[in-house]
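Written below as structure tokens is the structure these notes are about.
The values are calculated or read from the model by the stated rules, or taken from the named source; none is laboratory data. Everything numeric in this text was worked out from a predicted model, so none of it was measured. Note that we place each Cβ from the backbone using ideal geometry, even for glycine, and neighbour counts take in every protein chain shown. Surface accessibility is based on the protein's heavy atoms, side chains included, excluding ligands, DNA and RNA. Shrake-Rupley method; radii C 1.70, N 1.55, O 1.52, S 1.80 Å.
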Amino acid sequence: RFWAFSVTAHASCLLDEKAPFYKLDRDSMPRSAMTPEESLFLSVPSGESARSSLKYITSKPHVAGTAGDFEMAKYVQGRFRDAGIEDAVIDPQTVLLTYPLSRSLDLVDEDGKLLKSAPLSEEIVGSDATSDT
């Protein structure tokens, strides 16, 4: 399993004016002073790449165990490999994912008499490719 974290932080001790200030980002130290892993870690994330990935991943339904889920897993694996992490693998897991046989949302009185039944879907919006999910 692979986890990726992008961390940018500015830290200083507010109680001691003489405390050193540490800036942790891409430009805080020369690449030559970094280990290869540190350099790779800081070279991967960017606001634009995160925005692009989030837009793609949220553009399609990807419920666990579906073809859409596998497509997104391959997409994420590809982004890791693009970043130089060649041993990124997809690790299939067996999970229990249940679906209801029926669904309803009903308003009933204290005797159980049906007062109102609410719809559980909305109209499909043609300009939104995910509004039918």
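What the table below lists for this structure:
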read-out	value
Yes/no for residue 77 being assigned to a helix (DSSP H, G or I) and among the polar types (S, T, N, Q)	yes
Cβ pairs under 7 Å, 6+ apart, first in region 41-59 and under 23 Å from residue 126 (Cβ atoms), second of a type in the set (A, V, I, L, M, F, W, C) and at pLDDT 80 or above	57/72
Which listed residue, of 117, 121, is of a type outside the set (D, E, K, R), part of a strand (DSSP E or B) and over 22 Å from residue 71 (Cβ atoms)	117
So residue 120, is it out of contact with any Asp or Glu (no Cβ under 7 Å at 6 or more places or on another chain) and open to solvent by 90 Å² or more (accessible area, probe 1.4 Å)	no
Residues of region 57-74 that turn out to be small (Gly, Ala, Ser), under 18 Å from residue 128 (Cα atoms) and part of a helix (DSSP H, G or I), as a count	1
Some residue of region 72-90 being under 21 Å from the mean Cα position of the chain (by Cα), open to solvent by 100 Å² or more (accessible area, probe 1.4 Å) and farther than 30 Å from residue 39 by Cβ	no
Condition broken by residue 100, with the remaining ones in (1) in a helix (DSSP H, G or I); (2) at pLDDT below 85 satisfied	(1)
